[in-house]
Structure formats: C-alpha cells, structure tokens
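To start, the structure itself, in structure tokens.
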Amino acid sequence: MHRLREVLTSGLTGSPRPLYPGAVALVVRDGSPRPTVVVGDALRYADGDGTELPSHARVAMRDDTVFDVASLTKLFSTTVLMTLVEEGLLDLDGPIADHLPSFGATDRRSVTLKHLLSHTSGLPDLLRLWIDWPDPEARRRAVLDVPLRSPTGTAFEYSDIGYIVAGVLAEQVSRRTLPELVRERICRPLGLADTGYRLSADRVARTAATEFQPDAGRGMVRGTVHDENSWSLGGTVGSAGIFSTAADLARFGETLRRGGELDGARILRDATVAEMCRNQLPEGIDPGFQHGLGFRIGDPTFMGPLAASGAVGHTGFTGTSLVIDAARRLVVVLLTNRVHPSRTWSDIGAVRRRVAEIAAADDGPLNSPAPGERPA
C-alpha cells in the first residue's frame, strides 16, 4: 500500500491548487481488507477562496472520517428499490404511473423503474430546485411534473431528477421514509453503523467538510448534505444525501460482490444483484460505457484498468467512488473531500484511475500496516 499512499499524498499538492485537502482509501481483496490509507485534513479552509484555518482549528483526516458520499447514494437507493421488486411491490418493467399518478399522462406514461435506474427515462439531468421553487412541497411537485427531455428509452442522460423520483416511488409503495428503508434493509442487517441520512450530532465532529456555499446561504458545509437539490428537499432523497465511511462502504460493496449476502446477512438475491450488474442500455445507446441498475459498468474514466474486466461502480461529486471487480475479487473505496472549499478547484479522475491501477496490480499477500496506515 506504499504506492497508494504516494498517490494520495500527491493529491495534497498541485498547481495551481491541491486536488483535495484529504483522502481515505481502502482496498478489499476476496474479503480481506488491506490497511486503510489516510492522508491530509477533513477540515482545512475557512472560505471559498481557500483561506487556511489555523493549525489548531483544522481537523485531521481519520480512517473513520464520515463523508458525504454524494451520488453513491444512488447505489443504496437502487438496492432498496430492488428489495421492493423482490417483494412484488414494484415491477422493473411496469409503468411507475401505477404508483405515481402524475406520470399517467402523455409520453411520461412509458417511464418504468428500469428506465429510472438506468438513466434512460428521458427525464432531465437537473433542476435548480433550491433557486426556482419556493419550498419543499413546490420542489417535490416540480420533480414529479417535469416534462421528458427525450423519448423514454431512446437516450442515456444521467439524471439526478430520475433518482429523486425513484426515491419518492420507494416511499410511496413501502409507506416508509427513505432513511428508514436504507436503515432497515441495508445498514442494520450489514452492521453499517456510520451510514445513513442526516448525521447524528456525535458524527458531525468527524465529518469531512465539503463546499463553501454562500450563494445558497449556507457558508462552509459540514455535516449536512452538499448537494443543493437534496438539501432543498430535506436531505433525504434518492440521488444524494447519504453519509458513510470507508469501512462501511467496503462492507456494502463486498456484500454486492458476493451476490447480496455477507456474514449470514442477505439483503438481495444473487439473481437480483446479477441483474443490477447487467447492461440495461437499449441497443444503439453507447455513452462510452455500459449501465446496469444503479451501477455504471466498465467505465475507464474512473475505473482505470478494472474497467476491462467489467467492473461495476459509481462516483460521487464530492470526490468519492466505489468500484467492485468480481473477476479480481476486489472492492475499491476512495473518499476525498475534493469540493472543500470549492467544486471548481479540481478534477480527481486521474487519482481515481491510479488508485484502481494499484488495486489491480496488488496481488500479493496482506502486509502489516506501514507507518501512517491503519488496519480497517
């Protein structure tokens, strides 16, 4: 893991700015975790210009630092929705209008859960909910009423709006809130004690800061969701809002790598996980990668060499990523706070690919932790 530490440390410097204040990486091979690699700070800056806090006010990164995982939330939402499919409460190929009446008119009638989870619904990528609508109820109506941007099933467009709709759908059919569903169907059976929506007060102190957002009236965001749309809807939507740690995400990833079961706890059937990891894009749609249900498949932009073996995974805008390579029996977690203090500072695609490359090449036995590395 020395090479991994070198790569993560290199991101603490850069020109004209560092790639991130801090990072945590954890690689699990065939169920055995390598030492967790931790560098930098969870909180370093006072404002969006990069004014550094005095040393006594900074917070060092730790192996159990809690991160806003941003769009990795979509993998948790997908998992919850697939449990509802297994129970017969939802049909992957049935119109969501059966449960959400606003989708019952015009061309929106054709939208199914499979379309939402594979980003082929035709719904737009984003709405500026926190700016253009005055309150959560109006924002929710806007999401459920928004027109399609393209005919369903004819194009791939990564859509946060589609996943917000998917979260509403899960709540509608289960009569449970999304935080309850994630807690009861994923976190509790797998023992993910640091994962979920809306952090408890004791966890905020070990949370990585994200962005300075004065335009939204928020200041430096830490301990609440970074994504403005999620924040404007209360922080508990299907697209973003979950917080987690490297160890919890690795355990979640290992569960899916093993077909939905880990240590006697089963959250999904083998066949369901296989369907999530199968390409769902209609013939003729090629965005440069394949896409399953929730999972991106074989995307070299963040998976590096793991893409060639059909690895699945996802990234998060805040600087997070999870990659699962069944062929190599690998789970790779990379967590950074690259939007601290500003989303404009960096692109960490090269670091993600380099971490994947190191994980792919690391076929040796487990080693004792090197200085500065912590056992998972």
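The values are calculated or read from the model by the stated rules, or taken from the named source; none is laboratory data. As the structure is a computational prediction, the values presented were derived from the model and not from experiment. In this analysis, Cβ positions are derived from the backbone assuming ideal geometry, glycine residues included, and neighbour counts consider all displayed protein chains. The area values use the complete protein model at the heavy-atom level, side chains included, leaving out ligands, DNA and RNA. Shrake-Rupley method; radii C 1.70, N 1.55, O 1.52, S 1.80 Å.
Quick notes on this structure:
- Solvent-accessible surface of the stretch 199-318, taken per residue with a 1.4 Å probe and all protein chains present: 36 Å².
- Span from the the stretch 303-356 Cα centroid across to the the stretch 100-149 one, whole angstrom: 28
- Kirkwood Rh and Cα Rg combined as Rg/Rh, the stretch 305-352: 1.05
- Expressed as a whole percent, the accessible surface of the stretch 3-138 that belongs to carbon and sulfur atoms is 51, based on a 1.4 Å probe.
- Where the Cα pairs of the chain fall when distances are cut into 20 Å bins, in %: 30, 60, 10, 0
- Against the main long axis of the alpha-carbon atoms of the chain, helix 73-86 sits at an angle near 40°.
- Modelled label reach - ALA46, point 7 Å along Cα→Cβ, the stretch 196-229 residues with backbone N closer than 19 Å: 209-215, 218-222
- Distance histogram in 5 Å bins (all Cα pairs of the stretch 1-101, percent per bin): 2, 10, 13, 15, 15, 10, 8, 7, 9, 8, 3, 0
- Normalised by residue count, the stretch 128-280 yields a Cα convex hull volume of 144 Å³ per residue.
- Among TYR163, PRO35, THR79 the positive-end extreme of the charge dipole of the stretch 23-176 (Cβ point charges): THR79
- Charge dipole (the stretch 182-236, unit charges on Cβ, about Cα centre) - positive-most of ALA216, ASN229, GLY196: GLY196
- Peptide packing for 248-261, 64-77 was compared via the average number of neighbouring C-beta atoms within 10 Å per residue; ordered from the highest value, the list is 64-77, 248-261.
- What you get for the chain, charging only the Cβ of Lys and Arg (+1) and of Asp and Glu (-1), is a dipole of about 540 debye around the Cα centre.
- Judged by the mean number of other Cβ atoms found within 10 Å, the most tightly packed of the peptides 342-350, 81-89 leads the ranking 81-89, 342-350.
- Alpha-carbon centroids, the stretch 152-166 and the stretch 1-74: separation in whole Å: 31
- Ordering LEU116, GLN172, HIS314 by the projection of their Cα atoms onto the charge dipole of the chain, which places +1 on the Cβ of Lys and Arg and -1 on the Cβ of Asp and Glu, puts HIS314 at the extreme positive end.
- Relative protection proxy for 35-48, 147-160, from highest mean packing down: 35-48, 147-160 (other beta-carbon atoms within 10 angstrom).
- Using a cutoff of 8 angstrom between alpha carbon atoms and counting only pairs six or more residues apart, the relative contact order for the chain works out to 25 percent.
- With all protein chains modelled, accessible area of THR301 [1.4 Å, Å²]: 80
- Residue by residue, the stretch 252-269 carries 3J(HN,Hα) couplings of 4, x, 5, 4, 5, 4, 8, x, x, 9, 8, 6, x, 9, 10, 10, 8, 6 Hz when phi is fed to the Karplus relation 6.51 cos²θ - 1.76 cosθ + 1.60 (θ = phi - 60°); x denotes Gly or Pro.
- The stretch 179-199 versus the stretch 240-296: alpha-carbon centroid distance in Å: 16
- Over all directions, the projected convex hull of the C-alpha atoms in the stretch 1-48 averages 4.0 nm² in area.
- Accessible surface of the stretch 141-246, 1.4 Å probe, proportion on carbon and sulfur as whole %: 49
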